[in-house]
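Report on one structure; see the data block that follows.
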Amino acid sequence: MAISRVWIEDGCIACGNCESVCPEVFTVSDHSEVKEGVVFADFEAGIKQAADECPVEVIKFE
C-alpha cells in the first residue's frame with residue numbers, strides 16, 4: 001500500500017539526514033519538516049530510508 005502520510009514526532013535533533021536522503025519530502029531548519037503538497041507515493045524508498053536512518057527515530061509514516 002502506498003504511503004499516504006508522513007510526520008515527524010517531537011524529539012527531532014535537526015541532524016539533516018532526512019533532507020540529504022530525501023530532499024523532495026523533508027526540509028531542515030531549526031527542526032525537520034515534511035513539505036506540503038508532496039505525493040508521498042512517488043518517494044516511498046526515500047521516506048523509508050530516512051525513517052530507518054533517523055538517529056532519534058522520529059520520522060513516521062503510514
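Values quoted throughout were computed directly from the atomic coordinates according to the rules given, and no laboratory measurement underlies them. Bear in mind the structure is a predicted one, so any value in this text is a computation, not a measurement. Cβ coordinates were reconstructed from backbone atoms using ideal geometry, including for glycine residues, and neighbour counts include every protein chain displayed.
For the stretch 1-27, what are the residues that are under 11 Å from the mean Cα position of the chain (by Cα), surrounded by fewer than 18 Cβ atoms within 10 Å (Cβ to Cβ) and free of Cβ contacts under 8 Å to residues at least 40 places away in the same chain?
Passing the criteria: Gly16, Ser20, Pro23, Glu24, Thr27.
Sort out which residues of the stretch 25-41 are touching an Asp or Glu at 6+ places or on another chain (Cβ under 8 Å), not basic (Lys, Arg) and not in a strand (DSSP E or B), and write them in order of number. Walk me through it before giving the result.
Filtering the stretch 25-41 down to residues touching an Asp or Glu at 6+ places or on another chain (Cβ under 8 Å) leaves 26-28, 32, 35, 38.
From what's left, not basic (Lys, Arg): 26-28, 32, 38.
Within the stretch 25-41, just Val38 meets the criteria.
Every residue in the stretch 28-62 that is of a type in the set (Ser, Thr, Tyr) and closer than 20 Å to Ser4 by Cβ, please.
Across the stretch 28-62, the qualifying residue is only Ser32.
Would you be able to tell me the number of residues in the stretch 26-48 that are in contact with a strand residue (DSSP E or B) (Cβ under 9 Å, 6 or more places away or on another chain) and polar (S, T, N, Q)?
Matching residues across the stretch 26-48 total 2.
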